[in-house]
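S.K.: Below are the structure tokens for one structure; questions will follow.
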Amino acid sequence: MKTIIAGTDFTASSINACKYAAFLAEKLECKLVLFNLFEAPIIHSNVGLYGISYTGQKSESHKQTKHLTDQLQRQFPKIKIDYFSTFGGIQIELEKFVKAHQVEAAVMGLATKDKISKFIYGSRGVNLAGKIDCPVIIVPSNYKKHALSKVLLTVDNSEKLHKSSLKGFEKFIIHSKSKLKILHVRTSDEFGSTQLKAVKIADKALAIDIIKSKDLQSGVKKFCAGAGFDLVAVISKKHSAFYNLFFESHTKKVAFASKLPVMAIHE
């Protein structure tokens, strides 16, 4: 059975993301799996570092995750909801889960932060984009509408779109019965003429709308204003460690600027 997975650390933003994931699972007729990754504390002492047994942390994680699962099950009785809690690195654990299940998307929350902390700390959901083999949907904490009828896909006209990258996205659009629009944001540092005039998705040739803006996130925000979109999709590219260290990805920029959920499509 196809599955939506959603991570929670029991903060308001992650619980909101889990509710969105439940809405999505109901709409797409998927199973929902909630997960919590807990960490055992490390204590500094005169004899060095030592860890504390994580039995207590594991028990509390299991208890809270089950409680959230029960709450969502009452709100969404039509879907099957399961859960797990584990100790480990989030990317490694999610890679294991994605390989073992038919995962439609991973949903993560994004807490509202000031401009400085956005660049310093980022977000687990944002940092996972393009690194696990399924779409990652990043849900802003203030997004409570939880609708999905109109989707915007941003494309880079200077690069060839790989059909394999859009295969899962096509299924997502078909299953959700969403209306799709395509956008290319032309910035001042872009050279040459537009190469792509249309994109074929789900057997439909869709024209590409073009908007001029100082940067991608500003263009997307302007295009979405009052247009009734429910989700923004961005193709997430893998970069070198050097790039990730010194530059922000397009996904991260759009996610922090957007008032809507942002789907990062794995390239």
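S.K.: Once the piece of chain linking LYS96 and ASN142 is laid out straight, how much longer is it, given 0.36 nm per residue of separation minus the C-alpha distance between them?
M.R.: Here the segment from LYS96 to ASN142 would lengthen by 13.5 nm.
S.K.: Exceeding 32 Å between C-alpha atoms, which entries from my cross-link table qualify? They are LYS177/LYS221; LYS167/LYS259; LYS80/LYS171; LYS144/LYS214; LYS66/LYS200; LYS63/LYS253.
M.R.: Exceeds cut-off: LYS66/LYS200; LYS63/LYS253.
S.K.: At 7 Å along Cα-to-Cβ for each site, give me the label-to-label distance between SER213 and GLN75 in nm.
M.R.: 2.9 nm
S.K.: Calculate, for ALA225 and THR86, the FRET efficiency according to 1/(1 + (r/R0)^6) with r their C-beta to C-beta distance and R0 51 Å; round to the nearest 0.05.
M.R.: 0.80
S.K.: Can you compute the modelled spin-label distance between LEU206 and LYS58, with each label point 7 Å from Cα toward Cβ, in nm?
M.R.: Placing both labels 7 Å beyond Cα along the Cβ direction yields 4.5 nm.
S.K.: If packing is taken as the average number of other Cβ atoms within 10 Å across a peptide's residues, how do 146-155, 57-66, 1-10 rank, most packed first?
M.R.: Most protected by this proxy first, the peptides run 1-10, 146-155, 57-66.
All of the numbers you see were taken from the coordinates with simple rules; none came from a lab. For clarity, every value in this text was computed on a predicted model and none was experimentally measured. As a convention, Cβ positions derive from the backbone with ideal geometry for all residues, glycine included, and neighbour counts pool all protein chains shown.
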